[in-house]
Amino acid sequence: MCGIVGYCGPKRVVPVVLEGLRRLEYRGYDSAGIVYVKDGKLVKHRSEGKLARLEAIIGDAIIEPSHTGLGHTRWATHGAPTTENAHPHSDCTGNLVVIHNGIIENYHSLREELKAKGHVFSSETDTEVLAHLIEDYLEDDLVSAIKNAVSRIEGSYAIGVLWTGMPDTLVAVRNQSPLVLGVSEEDGNFLASDIPALLPFTKEVIFLDDMELAILTAEEAKVFSLSTGEELKKTVTTIDWNAAMAEKAGFKHFMLKEIFEQPQAITNTVSGRINLETGEVSLPEVGLDEEEVQKIDRIFLVACGTSWHAALVAKYWIEKFTGIPVDVDIASEFRYRHLIINERVLTISISQSGETADTLAGIRIAKKLGSKIITICNVVGSTMTREAHGTVYTHAGPEIGVASTKAFISQLSALFLLTLFIAQQKKMISLAESNERGKELIDIAGIIERELPRIQKEVQSLIEGFYDCRDFLFVGRGVNFPIALEGALKLKEISYIHAEGYASGELKHGPIALIDKDMPVLALVPQDHVYQKSISNVEEIKARLGRIILIGTEGDEHLKNITDDVIYLPKVSEMMNPILYTIPAQILAYEIANRRGCDVDQPRNLAKSVTVE
Ligand code: M6R
């Protein structure tokens, strides 16, 4: 969380930094700030609230002929989201500033120590400690002072430092929080928490690893090991995303655009990975051969939030097609429980960003215990992809809306392919069946593309009766149960309506007590092998006067006897239902939030990438 941007180069720094921050605002939007060098001095602008407020304050300073600077968009951890707590934070002299993403765990004792030495603090943040600590060590060598300061710090950090003593240079350090450099011979060098900030300027990037320090000037970007001090030869990676992919393209919100991009996300994720003549799935990037697959006797799926819901769906698929037992864990629980893991266990992490702190910690533990680690990830070069033994990239493109949509659908697509791959290696599925299943996955992209406009229209006309409710239940059975959870998460995170997802069969074990004429319930009732059971559960809700929305199979006239609010979806293979049934749930959440006037892409209190515990 928090977005950091830095620039040294021939362009005017303020517009470059603001453009970068705009593309990182999904990481945090409690406050924002910028600093640049003018006539040898540091000029700082900060504001609580979103970037737009900072831009209003900056006004004409946008044209300052300055070429070195830093910017920050904050997701508050220590200290309220006020202007005083906004980054950059200065030392006592105002000649040195720091921007930071992460948490300095021992900031309290450091702050007391520094105060005793006479340092004066002006914010409640953990970050400000860093500025004073560097100041404390600084004589005339900034890099040594930074090294000394970070050696005192416990916690996670990606930091950028600017000092008037070296006005054309930025210094950055990374430990457990993402940091990427953008390099361009023509346009200079950049620093950012994530790739979208760099896309308007360069596609050539260098990913920093933990305990690395970078020195940036307009001419060069050098990376050093913090422990040995030696200069490192880092690989320059070319990113195949472009700047337009991170724009709204005429849609009102990124979330809506990303919902409509889902057919393409499925196609991109599947394409080239399954041979539609032989049915063979090829995933060389996971680095698992037949012998290794044969040895796997248990699979752990580890993830957070929406990615955890993708894992829950995958459990149904993997157990059905491969016969391997699967455990699904929320990463923040996984990392602190007693794990029975050895080299026969395969651990699969699922993460859009590849930077989620708990998921990363989880795979590190599993790796230490001897497990092979595969990650399903959307961001090329992210920390998780670098630490896993193998990565199946989802090719969803940049996802900017805080609510995960196309990332989820492409995670499901990648997990389904991985399931087929493992089943093939284990000889648990014939190539003919695999081919059929692969085609079903490919076809689902076309079905969603065709149905999306109709689903949106139908949802728009039904939400009038539901958009101002206080609570909402989502229910589903079997492989669609996780979609009920996902539907509820989407609705609550962007509309602030209290929503819960339940397995339909669980209702009568408690939640049914909530049902009355004011309780809306969205039920997923495809004609699958548990259809009759699902319908019985819906009848139980109806008998208690619950207000029902049904999502079911085209041609199922019985649903109209239960409620007027039915959205029909084409009949597809049972195992593909979770992908298809996600679509109306996402649109319902979007349309309700939009109708309520909520900030759909940047819901309160959230950040897209949760890089702290
Ligand atoms: O980047 P990750 O997939 O690891 O992120 C995990 C969750 O933070 C994320 O899915 C979150 O739940 C979404 N905002 C939900 O829409």
### Task
Hand me the list of helices (runs of 4 or more DSSP H) wholly inside the stretch 481-572 holding 1 or more residues that are in contact (Cβ under 8 Å) with a residue 60 or more places away in the chain.
481-495, 531-543
#### Entry: One residue from 414, 432 being open to solvent by less than 10 Å² (accessible area, probe 1.4 Å) and assigned to a helix (DSSP H, G or I)
414
### Message
Take the conditions within 30 Å of the chain's Cα centre (by Cα), part of a helix (DSSP H, G or I) and over 20 Å from residue 177 (Cα atoms) and apply them to residue 80. Does it pass?
### Response
no
## Note on the structure
Of the residues in the stretch 486-502, those that are open to solvent by 20 Å² or more (accessible area, probe 1.4 Å) and more than 11 Å from the ligand (Cβ to nearest atom) come to 496, 498, 500, 502
### Task
Taking residue 62 as meeting all but one of (1) of a type in the set (Val, Ile, Thr); (2) open to solvent by 60 Å² or more (accessible area, probe 1.4 Å); (3) free of Cβ contacts under 8 Å to residues at least 40 places away in the same chain, write down the number of the exception.
(3)
### Summary
When the stretch 352-378 is checked residue by residue, the ones that are β-branched (Val, Ile, Thr) and open to solvent by less than 10 Å² (accessible area, probe 1.4 Å) are 359, 363, 373, 374, 375, 376
## Note on the structure
How many residues of the stretch 240-259 are assigned to a helix (DSSP H, G or I) and open to solvent by less than 60 Å² (accessible area, probe 1.4 Å)? The answer is 8
### Message
For the stretch 578-597, check the following and say yes or no: at least one residue is of a type outside the set (D, E, K, R) and open to solvent by 30 Å² or more (accessible area, probe 1.4 Å).
### Response
yes
#### Entry: Yes/no for residue 326 being away from the ligand (no atom under 11 Å from the Cβ) and more than 29 Å from residue 603 (Cα to Cα)
yes
### Query
Which one of the conditions (1) surrounded by fewer than 24 Cβ atoms within 10 Å (Cβ to Cβ); (2) within 16 Å of the chain's Cα centre (by Cα); (3) at pLDDT below 95 does residue 330 fail to meet, given that it meets all the rest?
(3)
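The values are calculated or read from the model by the stated rules, or taken from the named source; none is laboratory data. These numbers come from a predicted model, not from an experiment. Don't worry about glycine lacking a Cβ; one is built from the backbone with ideal geometry, like all the others, and counts go over all protein chains shown. Note: accessible area is taken over every heavy atom of the protein model, side chains too, but ligands, DNA and RNA are not part of it. Shrake-Rupley method; radii C 1.70, N 1.55, O 1.52, S 1.80 Å.
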